[in-house]
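Report on the structure given below.
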Amino acid sequence: MKNVYLFFTAILMTALIAGCKSNDDVPVSKNPRMLKLASPILINYDSTVVELADFLQRPGKIDSMTADPTLSVTMSADSARLTIKPTTRDFPRLSTLTIWSEGFPYSLLLEKTTKTRFWFTFDPKNKKYKRVQIAGQMNDWNPAQGYMFQKDNKWIIDLDLFPGKYQYKLILDGKWHTDPTNPDSAFVVSGGYNSILTVGNLNTANLPVLFTSKAERRSFVIGVRNKIDSVFIYWENHLLGKDFWSLDSAGITVTIPRKAREFDRSYIRAWAYNKAGISNEILVPLQNGKVLSDPVKLSRTDRESMIMYFLMVDRFRNGDKEIDQPVKDPEIDPKVNYMGGDIAGITRTIEDGYFSNLGVNTLWISPITQNPLLGFVEYPAPHRKFSGYHGYWPITLTTIDNRFGDSKALNKMVMEAHGKGMNVILDFVSHHVHQDYPPLTAHPDWITSVDLPGKKKNIRLFDEQRLTTWFDIFLPTFDLTKPEVAEMVSDSATFWIREYKIDGFRHDAAKHVPESYWRLLNQKLNKEVTVPEGRGIYQIGETFGSRELIASYINPGMLDAQFEFNLYWDAKNSFASDNTSFRELNYSLQQSFNYFGEHNLMGNITGNQDMSRFISFASGALNFGENESDAGWKRDIQVKDTIGYRKLASLIAFNMTIPGIPVIYYGDEFGMPGAGDPDNRRMMKFDSLNAQESHLKEITSKLAHLRSGNLALVYGDFQTLKVSDRTFVYMRSYFDKAVIVIFNKERTNKKIEFELPERYQDLKYLPLQGTVYTQEEGKIKMTLPGNSFEILTY
């Protein structure tokens, strides 16, 4: 399932490899054809189509291909894609596809699918139903995708699923029920239960496990647990033959290619498999041909080291009051009108050192394109009137909203951020525009239809009409399947990167945009920015849905990552609620690795502009399951119980210590409260923090600096050491560096004991928060206060 693994490398480090010249060197092409490390390609049992432009700049220049004999590979007539078909179901779990192009070979890792055909059956026990559907995590909770058919007095559906646990419910003649024939269920914090379907063998005890063990001057050792049948090691996009590695009782010794010395940053990756399945993945960054050992050598271009801060421009800081222009309309409540935040305010905050002191190195700013000057009434009840303060109602695609600033202000902000070693990620809306977008007058065919058969409106039908639905009656959706529309929108997006030297995009509503558009945009960015300017562009999408759906948009030719909402919801339940077990969070984290890889670039959020603030749940100010938006309109949501600050600190500690990119929603660094939209978008507060807020902000800063200063938290392997309902202990390790993270979700003090991996039993660890512990016979013992964490580092 790790078909979406992706690493960004600077163009100077992504040269193609041409095969071994000697036992420690590989030649590289002077003209790079692959601009990113190739992600593993998932091979299905029937057939798999590979879009060559996802991997190669010039797919039409392919000379030949070689693959495992059990796989048939054919190229389309236009040389745009490959079709890979297994000739037997017994093809290897991992293999390599070698593509020769313009005299150079490119190695792509192929991974055998673990999907299982599963016949789900419901026996109604003599009860009669006219219609039965299943909705759950296997189909994004969409009943329209879960119609069952009747056979022999039972209801049946054929599902194609990866091994795992899937929560679901049955819809019996239109009414939602847990499955009365299935005793396995999960408590839902918002109330009630979901049934659980378990598919496949979930026992991972015999899987091969790889870990970084020992680094030498020009080589390193990968440790191994459990038997391995085959090993695959890549430097950049070149499979290293056995001249470069050997396997013995100490592990896998890898010789670093001599050519790596010519690159400031390059990477070696490793996988293995046995009869039980595929190992975790190993990522080893190299600095001029040596294993990276000093975090000081990291820069903002090292994507795995990013710590992101998301701010809404209008709600952050007012730096230029002369451009304030709230909509003058008594029907618009002040909380949904412009409050004065602007680009100059962000620049001033950069200059003040706020972000550097906090420890973040990447700013994600909300959309800044021009929005309408008037307010509009939303389609669903209660039909409130809003302004476009948030930036998601563009009436232009390439001009800056006059209430936020101008080109000069944006250029200065980006320059100041880069001067402080920070990236700037721009939120861009490709999916829709506001009805006042001028070109629509001449081109009404550029948008999808809002009218459906039977007088039904195609508004907010997020699953039924995923690629055509409008978000509101005044927000028409672009028909991006039309070439002229896709060209225009992608040109507009590329303009921002090229003109202002912005470092990447957060893409709104990614799953509502066709894959062809993301490919087109990526190709333009490569051609107009990455190749000529030598800089990579990070693109992260917003998709609410199953991990399988989210993963389908991530590969070298589309998006680099998406936000890991599924992991966030499980983390929110585990840390904010007293009733959810840490076992569920650990399982969710392992599933995240299965879909996105152990060294992914996914965004791990504390919250965002569409969700109620975490601390409002954690402190009891909001109840799970209540109407969160109504709560923000009807009552003053504050921090009800100071325990919320401790729970939020644990969530932040979790995000800062797992693989992926930590994302802080503005104000979460100190515990800003808020219900649903728009109450979760209050004006930022910089001063007059109370004692608990100040303490939480200090903890957030300490965690961020710990992450950026410890390579185990940036590139380290992950291992769960202990998990129970109330205790969660895991380790990140990178050669001789180790970080151990311990959580207690009891409300009272708890004694915690866990065993260390043998290779780390003799180390002496430093506790981040000063917790006293004992270490003897390979075990650590400590007592943690209620709802708290500790981090031990070596």
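Tell me, yes or no, whether region 395-417 has at least one residue that is closer than 25 Å to residue 458 by Cβ and touching a Pro at 6+ places or on another chain (Cβ under 7 Å).
Looking through region 395-417, at least one residue is closer than 25 Å to residue 458 by Cβ and touching a Pro at 6+ places or on another chain (Cβ under 7 Å).
Give me the pairs, please: first residue somewhere in region 628-643 and closer than 13 Å to residue 693 by Cα, second residue anywhere and open to solvent by 40 Å² or more (accessible area, probe 1.4 Å) and assigned to a loop (DSSP other than H, G, I, E, B), beta-carbon distance under 8 Å, and either six or more positions apart or on two chains.
Final answer for the pair search is 643/747.
Which condition breaks for residue 595 when tested against (1) in a loop (DSSP other than H, G, I, E, B); (2) on the phi < 0 side of the Ramachandran plot?
(1)
Which one of 411, 423 is polar (S, T, N, Q), under 27 Å from the mean Cα position of the chain (by Cα) and over 25 Å from residue 470 (Cα atoms)?
Sole residue among the options that is polar (S, T, N, Q), under 27 Å from the mean Cα position of the chain (by Cα) and over 25 Å from residue 470 (Cα atoms): 423.
Filtering region 487-505 down to residues that are of a type outside the set (Ser, Thr, Tyr) and touching a Ser or Thr at 6+ places or on another chain (Cβ under 7 Å), which residue is most open to solvent (accessible area, probe 1.4 Å)?
Going through the qualifying residues, I end up with 495.
Out of all the residues in region 526-548, which are in a helix (DSSP H, G or I), in contact with a helix residue (DSSP H, G or I) (Cβ under 6 Å, 6 or more places away or on another chain) and buried (at least 17 other Cβ atoms within 10 Å of the Cβ)?
If the condition is that a residue be in a helix (DSSP H, G or I), in contact with a helix residue (DSSP H, G or I) (Cβ under 6 Å, 6 or more places away or on another chain) and buried (at least 17 other Cβ atoms within 10 Å of the Cβ), then 529, 530, 547 are the ones that fit.
So, residue 699, is that one over 24 Å from residue 610 (Cα atoms), open to solvent by less than 30 Å² (accessible area, probe 1.4 Å) and in contact with a helix residue (DSSP H, G or I) (Cβ under 6 Å, 6 or more places away or on another chain) or not?
So residue 699 passes the test.
Looking only at region 319-333, count every residue that is open to solvent by 40 Å² or more (accessible area, probe 1.4 Å) and within 22 Å of residue 346 (Cβ to Cβ) and tell me the total. I'd like the intermediate steps shown before the answer.
Within region 319-333, the subset open to solvent by 40 Å² or more (accessible area, probe 1.4 Å) is 320-326, 328, 330-331, 333.
Checking which are within 22 Å of residue 346 (Cβ to Cβ) leaves us with 320-326.
So the count comes out to 7.
Restricting the search to region 233-243, which residues are within 12 Å of residue 268 (Cβ to Cβ) and either surrounded by fewer than 21 Cβ atoms within 10 Å (Cβ to Cβ) or of a type in the set (Lys, Arg) (or both)? First the steps, then the outcome.
The initial filter retains those residues of region 233-243 that are within 12 Å of residue 268 (Cβ to Cβ), namely 233-240.
Scanning region 233-243 gives 234, 239.
In this structure, does residue 429 turn out to be more than 30 Å from residue 709 (Cα to Cα), open to solvent by 60 Å² or more (accessible area, probe 1.4 Å) and β-branched (Val, Ile, Thr)?
For residue 429, the condition - more than 30 Å from residue 709 (Cα to Cα), open to solvent by 60 Å² or more (accessible area, probe 1.4 Å) and β-branched (Val, Ile, Thr) - is not met.
Which is over 20 Å from residue 667 (Cβ atoms) and without any contact (Cβ under 8 Å) to a residue 24 or more places away in the chain, of 382, 334?
Selected residue: 382, the only one of 382, 334 that is over 20 Å from residue 667 (Cβ atoms) and without any contact (Cβ under 8 Å) to a residue 24 or more places away in the chain.
Where in region 64-154 are there strands (runs of 3 or more DSSP E), lying fully within it, with 3 or more residues that are in contact (Cβ under 8 Å) with a residue 40 or more places away in the chain, within 30 Å of residue 171 (Cβ to Cβ) and open to solvent by 10 Å² or more (accessible area, probe 1.4 Å)? Working first, answer last.
Values: elements: 71-75, 81-86, 94-101, 104-112, 116-122, 132-136, 149-151.
In region 64-154, the matching strands (runs of 3 or more DSSP E) lie at 116-122.
Answer yes if at least one residue in region 39-58 is of a type outside the set (A, V, I, L, M, F, W, C), assigned to a strand (DSSP E or B), at pLDDT below 95 and over 22 Å from residue 269 (Cα atoms), and no otherwise.
no
Identify all residues within region 403-416 that are assigned to a helix (DSSP H, G or I) and either open to solvent by 10 Å² or more (accessible area, probe 1.4 Å) or out of contact with any Gly (no Cβ under 9 Å at 6 or more places or on another chain) (or both); write none if there are none.
Step one: filter region 403-416 for residues assigned to a helix (DSSP H, G or I), giving 407-416.
Those that are assigned to a helix (DSSP H, G or I) and either open to solvent by 10 Å² or more (accessible area, probe 1.4 Å) or out of contact with any Gly (no Cβ under 9 Å at 6 or more places or on another chain) (or both): 407, 408, 409, 410, 411, 412, 414, 415, 416.
Just for region 244-288: of the residues that are more than 23 Å from residue 302 (Cα to Cα) and among the charged types (D, E, K, R), which one is most open to solvent (accessible area, probe 1.4 Å)?
Going through the qualifying residues, I end up with 275.
Which residues, counting only those in region 735-794, are hydrophobic (A, V, I, L, M, F, W, C) and at positive phi?
Scanning region 735-794 gives a single hit, 735.
Looking at region 774-794, which of its residues are open to solvent by less than 50 Å² (accessible area, probe 1.4 Å), closer than 19 Å to residue 719 by Cβ and either outside any loop (DSSP other than H, G, I, E, B) or among the hydrophobic types (A, V, I, L, M, F, W, C) (or both)?
775, 780, 782, 789, 790, 791, 792, 793
Pairs please, first residue from region 417-436 and under 21 Å from residue 344 (Cβ atoms) and outside any loop (DSSP other than H, G, I, E, B), second anywhere and open to solvent by 10 Å² or more (accessible area, probe 1.4 Å) and of a type in the set (Ser, Thr, Tyr), Cβ atoms under 6 Å, 6+ apart in sequence or on different chains.
From region 417-436, no pairs qualify.
Go through the residues of region 721-737 one by one and say whether even a single one is under 22 Å from the mean Cα position of the chain (by Cα), modelled with pLDDT of 95 or more and β-branched (Val, Ile, Thr).
Within region 721-737, none of the residues are under 22 Å from the mean Cα position of the chain (by Cα), modelled with pLDDT of 95 or more and β-branched (Val, Ile, Thr).
Quick one: would you say residue 517 is among the hydroxyl-bearing types (Ser, Thr, Tyr) and free of Cβ contacts under 8 Å to residues at least 60 places away in the same chain?
No; evaluated as a whole, the condition is false for this residue.
Which ones in region 194-251 are among the hydroxyl-bearing types (Ser, Thr, Tyr), in contact with a Leu (Cβ under 7 Å, 6 or more places away or on another chain) and in a loop (DSSP other than H, G, I, E, B)?
none
Would you pick out the residues in region 155-175 that are loosely packed, with under 14 Cβ neighbours inside 10 Å and over 26 Å from residue 114 (Cα atoms)?
Matches in region 155-175: 173, 174, 175.
Can you spot a residue in region 663-679 that is assigned to a helix (DSSP H, G or I) and either buried (at least 24 other Cβ atoms within 10 Å of the Cβ) or among the acidic types (Asp, Glu) (or both)?
yes
Restricting to region 195-217, and then to whatever is out of contact with any strand residue (DSSP E or B) (no Cβ under 6 Å at 6 or more places or on another chain) and farther than 25 Å from residue 227 by Cβ, can you tell me which residue is most open to solvent (accessible area, probe 1.4 Å)? Walk me through how you get there before you give the answer.
The initial filter retains those residues of region 195-217 that are out of contact with any strand residue (DSSP E or B) (no Cβ under 6 Å at 6 or more places or on another chain), namely 201-206, 216-217.
From what's left, farther than 25 Å from residue 227 by Cβ: 216-217.
Values: 216: 88, 217: 154 Å².
The qualifying residue most open to solvent (accessible area, probe 1.4 Å) is 217.
Identify all residues within region 463-503 that are assigned to a loop (DSSP other than H, G, I, E, B) and touching an Asp or Glu at 6+ places or on another chain (Cβ under 7 Å); write none if there are none. Show your work before the answer.
Initial filter on region 463-503 (assigned to a loop (DSSP other than H, G, I, E, B)): 463-469, 471, 473-474, 476, 479-482, 501-503.
Matches in region 463-503: 463 only.
Got at least one residue in region 310-329 being more than 20 Å from residue 685 (Cα to Cα), free of Cβ contacts under 8 Å to residues at least 40 places away in the same chain and not in a loop (DSSP other than H, G, I, E, B)?
yes
Identify, please: which residue in region 450-462 is open to solvent by less than 70 Å² (accessible area, probe 1.4 Å) and part of a loop (DSSP other than H, G, I, E, B) and is, among those, nearest to residue 484 (Cα to Cα)?
If we take residues in region 450-462 being open to solvent by less than 70 Å² (accessible area, probe 1.4 Å) and part of a loop (DSSP other than H, G, I, E, B), then 450 is nearest to residue 484 (Cα to Cα).
Would you mention how many residues in region 224-269 are small (Gly, Ala, Ser) and in contact with a helix residue (DSSP H, G or I) (Cβ under 7 Å, 6 or more places away or on another chain)?
The total comes to 1.
The values are calculated or read from the model by the stated rules, or taken from the named source; none is laboratory data. These figures come from a predicted structure and were not determined experimentally. With ideal geometry, Cβ positions are generated from the backbone for all residues, glycine too; neighbour counts draw on all protein chains shown. All accessible areas refer to the heavy atoms of the entire protein, side chains included, with ligands and DNA or RNA removed. Shrake-Rupley method; radii C 1.70, N 1.55, O 1.52, S 1.80 Å.
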